[in-house]
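**Q** Before I ask anything, let me first share the structure, which is written out below as structure tokens.
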Amino acid sequence: MSFKLPFIKSKKKPEGDTEIINVPRHVAIIMDGNGRWAKKRGLPRIAGHKEGVDVVQQTVRTASNYNIKILTLFAFSTENWKRPKPEVQFLMKLPKQFLNTYLPELMEKNVRVETIGRFDTLPSQTKEAIQDAKEKTKNNDGLLLNFAINYGGRDEIIQAVKKMTKEIENNQLNIEELDENEFSNYLYTKNLEDPDLLIRTSGERRLSNFLLWQLAYTEFWFTDVLWPDFREEVFIQALKDYENRKRRYGGI
Ligand code: V0D
């Protein structure tokens with residue numbers, strides 16, 4: 001299936017940006033298609049990942065520009081460890097590479113860096129680079145740039161149940177008090193509002209174990225565009241689509 005950009009009604013702000021009312025507060029993105037992008041060009045998969053890093057920063061710029069509050073990016077899943085070892089090793093160097101290049105701009109844009117997922121079992125170099133960025137940006141109150149790294153939705157729910165059960169055993173939590181709101185405090189996303197919009201690139205229409213609990217009422221937007229080709233106008237197309245959706249949360 002070929003992909004065509006539909007016409008975007010270009011109601012421009014003075015700065016030349018497409019005006020969007022009803023901007024989603026929290027956008028989550030499954031950044032898929034780097035390998036396919038590389039293969040189409042006869043390049044190794046890692047060339048696609050490398051290209052994808054700059055697209056992350058362009059996406060951060062757009063999100064920040066449109067006053068989106070939270071951007072959650074699926075960077076590495078608990079299943080991704082099964083990939084060839086050289087690819088995993090390459091991926092684990094990307095956070096440091098990204099931060100070396102873009103941390104000054106993140107500071108300038110008042111962006112706060114956070115992660116969700118199993119942080120403890122990441123390689124120490126990866127952890128240190130990310131921890132340093134979290135420290136340096138912790139007082140920034142602009143966009144929250146939230147990387148899902150070593151993240152799995154089922155894994156998240158299991159660790160939440162374990163943590164919660166321990167608190168019940170220690171009489172720190174009364175099981176009668178358990179409800180959806182209380183349970184969400186044990187997830188990696190505690191303190192975060194649920195995503196309003198989920199974007200997945202590269203034509204796959206699956207969740208692939210991403211944010212299983214949190215996406216209960218989220219609007220989904222899929223595109224055949226591969227992640228390295230996810231330019232600002234494609235992001236804006238997703239935002240324009242969201243703008244026109246009526247959310248009912250199960251009501252009428
Ligand atoms: C490869 C496309 C930024 C998807 C984007 C470890 C796959 C580029 C980060 C990053 C990855 C993570 C944490 C952080 C700062 C940056 C990243 C991974 C993969 C997996 F604090 N891009 N990126 N992390 N890719």
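**Q** Only one of 113, 53 is free of Cβ contacts under 8 Å to residues at least 60 places away in the same chain, near the ligand (Cβ under 8 Å from one of its atoms) and more than 28 Å from residue 160 (Cβ to Cβ). Can you tell me which?
**A** 53
**Q** Which numbered condition trips up residue 213, out of (1) under 17 Å from residue 72 (Cβ atoms); (2) surrounded by 21 or more Cβ atoms within 10 Å (Cβ to Cβ)?
**A** (2)
Let's see how each residue does on (1) of a type in the set (Lys, Arg); (2) touching a strand residue (DSSP E or B) at 6+ places or on another chain (Cβ under 8 Å):
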site: 22; (1), (2): no, no
site: 29; (1), (2): no, yes
site: 33; (1), (2): no, no
site: 37; (1), (2): no, no
site: 43; (1), (2): no, no
site: 52; (1), (2): no, no
site: 62; (1), (2): no, no
site: 73; (1), (2): no, yes
site: 96; (1), (2): yes, no
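**Q** Next up: Using beta carbons and a limit of 9 Å, which pairs, at least six apart or on different chains, have the first residue in the stretch 204-215 and over 14 Å from residue 189 (Cβ atoms) and the second one among the aliphatic types (A, V, I, L, M)?
**A** 204/30; 206/30; 207/30; 207/198; 207/215; 208/30
**Q** Looking at the stretch 67-84 only, could you name the residues that are of a type outside the set (A, V, I, L, M, F, W, C) and either away from the ligand (no atom under 14 Å from the Cβ) or part of a helix (DSSP H, G or I) (or both)?
**A** Here is the first cut: in the stretch 67-84, the residues of a type outside the set (A, V, I, L, M, F, W, C) are 67, 69, 72, 77-80, 82-84.
Hits for the stretch 67-84 are 67, 69, 80, 82, 84.
**Q** I'd like to know if the stretch 56-66 contains one or more residues that are part of a strand (DSSP E or B) and on the phi < 0 side of the Ramachandran plot. Before you say what the answer is, go through the steps one by one.
**A** Initially, the stretch 56-66 is screened for residues part of a strand (DSSP E or B), giving none.
Scanning the stretch 56-66, I find no residue that is part of a strand (DSSP E or B) and on the phi < 0 side of the Ramachandran plot, so the answer is no.
**Q** Got at least one residue in the stretch 85-106 being away from the ligand (no atom under 11 Å from the Cβ) and not in a helix (DSSP H, G or I)? Working first, answer last.
**A** Kept after step one, since they are away from the ligand (no atom under 11 Å from the Cβ), are these residues of the stretch 85-106: 85-86, 104-105.
Cutting the leftovers down to not in a helix (DSSP H, G or I) gives us none.
Checked the stretch 85-106: no residue is away from the ligand (no atom under 11 Å from the Cβ) and not in a helix (DSSP H, G or I).
**Q** Which of (1) within 26 Å of residue 161 (Cβ to Cβ); (2) among the aliphatic types (A, V, I, L, M); (3) in contact with a Pro (Cβ under 8 Å, 6 or more places away or on another chain) is the odd one out, the single condition residue 197 does not satisfy?
**A** (1)
**Q** Give just the number: which of (1) touching a residue at least 24 places away in the same chain (Cβ under 8 Å); (2) more than 30 Å from residue 17 (Cβ to Cβ) does residue 185 not satisfy?
**A** That leaves (1) as the condition not met.
**Q** Can you pull out every residue in the stretch 129-181 that is within 16 Å of the ligand (Cβ to nearest atom) and surrounded by fewer than 13 Cβ atoms within 10 Å (Cβ to Cβ)?
**A** Across the stretch 129-181, the qualifying residues are 135, 138.
**Q** Additional query: Pairs needed: first member in the stretch 23-47, of a type in the set (Asp, Glu); second member anywhere, assigned to a loop (DSSP other than H, G, I, E, B) and modelled with pLDDT of 95 or more; C-beta distance under 7 Å; at least 6 residues apart or different chains.
**A** So the pair list comes out as 32/201; 32/202; 32/204.
**Q** State whether one or more residues within the stretch 150-169 are touching a Pro at 6+ places or on another chain (Cβ under 6 Å), under 16 Å from residue 30 (Cα atoms) and either among the hydrophobic types (A, V, I, L, M, F, W, C) or part of a helix (DSSP H, G or I) (or both).
**A** Step one: list which residues in the stretch 150-169 are touching a Pro at 6+ places or on another chain (Cβ under 6 Å), which gives none.
Scanning the stretch 150-169, I find no residue that is touching a Pro at 6+ places or on another chain (Cβ under 6 Å), under 16 Å from residue 30 (Cα atoms) and either among the hydrophobic types (A, V, I, L, M, F, W, C) or part of a helix (DSSP H, G or I) (or both), so the answer is no.
**Q** Which of the residues that make up the stretch 27-50 are more than 8 Å from the ligand (Cβ to nearest atom), touching a Leu at 6+ places or on another chain (Cβ under 7 Å) and within 27 Å of residue 144 (Cα to Cα)?
**A** Within the stretch 27-50, 27, 28, 29, 33 qualify.
The values are calculated or read from the model by the stated rules, or taken from the named source; none is laboratory data. Here the structure is a predicted model, which means the values were calculated and not measured. Using ideal geometry, Cβ is built from the backbone for each residue, glycine included, and neighbour counts are taken over all protein chains shown.
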